[in-house]
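Beneath this line is the structure, given in structure tokens, with notes to follow.
The values are calculated or read from the model by the stated rules, or taken from the named source; none is laboratory data. Keep in mind that what you see is a predicted model, and the values were worked out from it rather than measured. Glycine also receives a Cβ, built like all others from the backbone with ideal geometry; neighbour counts cover every protein chain displayed. Note: areas computed on protein heavy atoms with side chains; ligands, DNA, RNA excluded. Shrake-Rupley method; radii C 1.70, N 1.55, O 1.52, S 1.80 Å.
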Amino acid sequence: MKAFNGILYGGDYNPNQWPREIWAEDMRMFKKAHINSATVNVFSWAKIQPAEDRYDFSELDDIIDMLSKENYDIVLATATGALPAWMAAKYPEVERTDYEGRRHKFGQRHNACPNSPVFQKYSKALAGELAKRYGGNPHVKCWHVSNEYGGECYCENCEKAFREWLKKKYKTLDAVNQAWNTEFWGHTLYDWDEIVLPNALGEGIGYDKTAFAGLSIDYRRFNSDGMLENFKAERDAIREYDKETPITTNLMGTYKGLDYFKWAKEMDLVSWDNYPSYNTPWSQVAMCHDLMRGLKDAPFMLMEQTPSQQNWQAYNSLKRPGQMRAQSYQTVAHGADTIQFFQLRRSAGACEKFHGAVIAHVGTENTRVFREVAQLGAELETLGNVVPGSVNEAQVGIIFDWDNYWALEYTSGPSIDLTYVKHIHEYYRYFYDKNIAVNMIPWDADFGKYSLIVAPVLYMVKEGMAQALEAFVENGGTLVLTYMSGIVGQSDNVHLGGYPGPLRKLAGIWAEEIDALAPEQFNEVEMASGETWCCGLVCDLMHLEGAESLGAYKADFYRGMPAVTKNRFGKGQVYYVGTRLEEQGLASVLDMVAADAKVESVVSGGEGLEIVCRRAKEGKLFFVMNFGDKERKLPECFYQQKDLLTGETVSEDTVLKKYDVYIFQMNA
């Protein structure tokens, strides 16, 4: 597999949108910004295939030739993220049918039905033609298939394909009826053709709710698998002509629609697009990076971020001076080996004309954003032989599972506020604040690599999951479980015999009922230590079955019942948090957990700073960043160390202002 030459630094480049006299000016300015790569051909299908029976690569030839002569690394996209108009006009069935049952006409992007034979034929053919033409170019360092896969289709092709997918999964209609519990409401199916899609015309109750969760979760799985087949078809077409260049597609963090752990197994490397809003917590940005790294447990590509502002969010604030640089280093700290932007030159028209770019509408380098991009580019050049090849390591694993994501948010009750990512982040945030390294892991990861596993809202416990967790704890691991865990199996049917189902023995508790508290309601938990914490959202009414109570409810008819427990199991222990504790209360519980598991911060004394470590052959790289409003002093362990970015030696007087970054290489 080809390797990158240092850290790729560049981004989405669309010279086809500009007259050719602009191209030479772009090359001059890119060099000045220390940009070394360009992503091209992302949305050029209509240009390079103007008709069904004709390709025209003349302009793309010139673009590839220009970038090659200027010695840029090229990320070459397959251009299949948006259909050409001729295809929609001649083959209207290639367009998607939405949740409401409406067949779309030409327009937008991500507009192809993934199960359309027409789309499958022409997208695969285009990928093959591109690979045949450019696969031998040594400057092509990465293939970028399509763009930001997402969305759904509910057309007749999808309905037929879904039935075939179900036949492979369940074999018989009896198995389907059992999985979906179709005896409810008398929905028993007697013929495969009686299966209809779970949209607004079928079992859907609004886009995020459904009458039959088993059916809707299966459709989520099917849709994810179908788009993955699209990716694999283009990937395989490229591989016919190019055996070595890595192939990726740009993912989108915690995007709900696709099971990224499954996708990552088919990708040579993971890339993703990072677009936090003006008020996204930095801990959540870090969590997304860790998730993207965790998909393959390997460094990843940042395919897109904006140099300044976005255009599509409700409030598109400018990035403050230093913010883009600090955000970029946070990305590298958590595992990125590239920093790439959307976009390199700001578009003149259409819906993304106000999306930030390296070159603004003024068209010169005399802008704040360009100067910051150039500064970062110069710094990344100096790190090109230091960062690539280094890896992130952690003793803590947090389980993230798309089946649980879908199932928890489809469930009817107990609370509309049970959203998956939010609750994962609440637990991740504790470790982020303590500078304790975390890997985001799938449920079938190698648990033996970790001292502590945290599994928030593990609502769906699939076959093999409970056994894997039991083995981990029996062998000395520490496990954290929470409310809304162990409730259902893979088809959203309840595990009978008492909550938390297959996890009941492991947790040493039985949850008889689950109370739901409205936003204005709360209870309190009094800990054995005497501390009292607010709690809300849901409250498990628990009975001890071997576990010890660490804290009990203070109010309501379940006053005195355990709310937080600890159970010895084999050589390890299981903590169960039966309610949503306020932030300080959760931190106090997780302090006990971390002590039991013997997990520690990357360094001591880094309160208020984000400190991340990547291990390299020559030692450890410590990234020290301040995203807070207060000035902070460096931890003592860094005194008299040389900052890789400035070459200066720091001291006990060194202070980090907001968005300041230091990188230290230390033997350890």
query = Taking the simple approach of a point 7 Å from Cα along Cα-to-Cβ for both Glu474 and Arg109, what is their distance in nm?
reply = 5.0 nm
key: Phe664, Phe106, ranked by accessible area, largest first (probe 1.4 Å)   = Phe106, Phe664
note = Under the 7 Å Cα-to-Cβ spin-label approximation, Lys69 and Lys353 lie apart by a distance in nanometres of 3.2 nm
remark   = To the nearest Å², the heavy-atom accessible area per residue of the chain with 1.4 Å probe amounts to 40 Å²
inquiry  = If I histogram all Cα-Cα distances within segment 613-668 using bins 5 Å wide from 0, what percent of pairs lands in each bin?
reply    = 4, 21, 29, 27, 14, 5, 1
query = Do any chymotrypsin sites (Phe, Trp or Tyr not before Pro) in segment 37-79 lie in a DSSP loop with no more than 15 other beta carbon atoms within 10 Å, and if so, which?
reply = Tyr55
Ratio Rg/Rh, restricted to segment 364-520 and using Cα atoms, in which Rh is the Kirkwood radius = 1.13
inquiry  = Give me the base-10 log of I(q)/I(0) for the chain at each q in 0.08, 0.12 Å⁻¹, Debye formula, one uniform scatterer per Cα, rounded to two decimals.
reply    = -0.66, -1.37
query = Counting other Cβ atoms within 10 Å of each Cβ, which trypsin sites (Lys or Arg not before Pro) in segment 559-619 have at most 10 and sit in a DSSP loop?
reply = Lys571, Lys598, Lys617
task = Would you kindly derive the ³J(HN,Hα) couplings of segment 567-582 from the backbone phi angles with the Karplus curve 6.51 cos²θ - 1.76 cosθ + 1.60 (θ = phi - 60°), listing them in order in whole Hz, with x for Gly and Pro?
result = 10, 6, 9, x, 8, x, 8, 10, 9, 10, 9, x, 8, 8, 7, 4
remark   = Count of lysine pairs, segment 46-177, Cα-Cα under 23 Å, sep. 8 or more residues or interchain, comes to 25
task = Over the chain, with every protein chain in place, what whole percent of the accessible area is carbon and sulfur at 1.4 Å, could you tell me?
result = 48 percent
inquiry  = Suppose the chain between Lys617 and Asp417 were pulled fully straight at 0.36 nm per residue; how much longer would it get relative to their current alpha carbon spacing?
reply    = 67.4 nm
task = Please go through segment 229-283 and write out the chymotrypsin sites (Phe, Trp or Tyr not before Pro) that DSSP classes as loop and that have at most 14 other C-beta atoms within 10 Å.
result = Tyr278
key: Estimated vicinal HN-Hα couplings, Hz - segment 11-21 in sequence order (Karplus 6.51, -1.76, 1.60; Gly, Pro = x)   = x, 5, 10, 10, x, 4, 8, 10, x, 5, 5
key: Rg/Rh (Cα only; Kirkwood hydrodynamic radius) as it applies to segment 37-139   = 1.03
task = Sticking with the crude label model, points 7 Å out along Cα→Cβ, report the distance from Glu25 to Lys121 in nm, one decimal please.
result = 4.4 nm
inquiry  = Explain nothing, just compute: Karplus ³J(HN,Hα) = 6.51 cos²θ - 1.76 cosθ + 1.60, θ = phi - 60°, for every residue of segment 62-76 in order, whole Hz, x for Gly and Pro.
reply    = 5, 5, 5, 5, 4, 5, 5, 5, 7, 6, 8, 6, 10, 9, 9
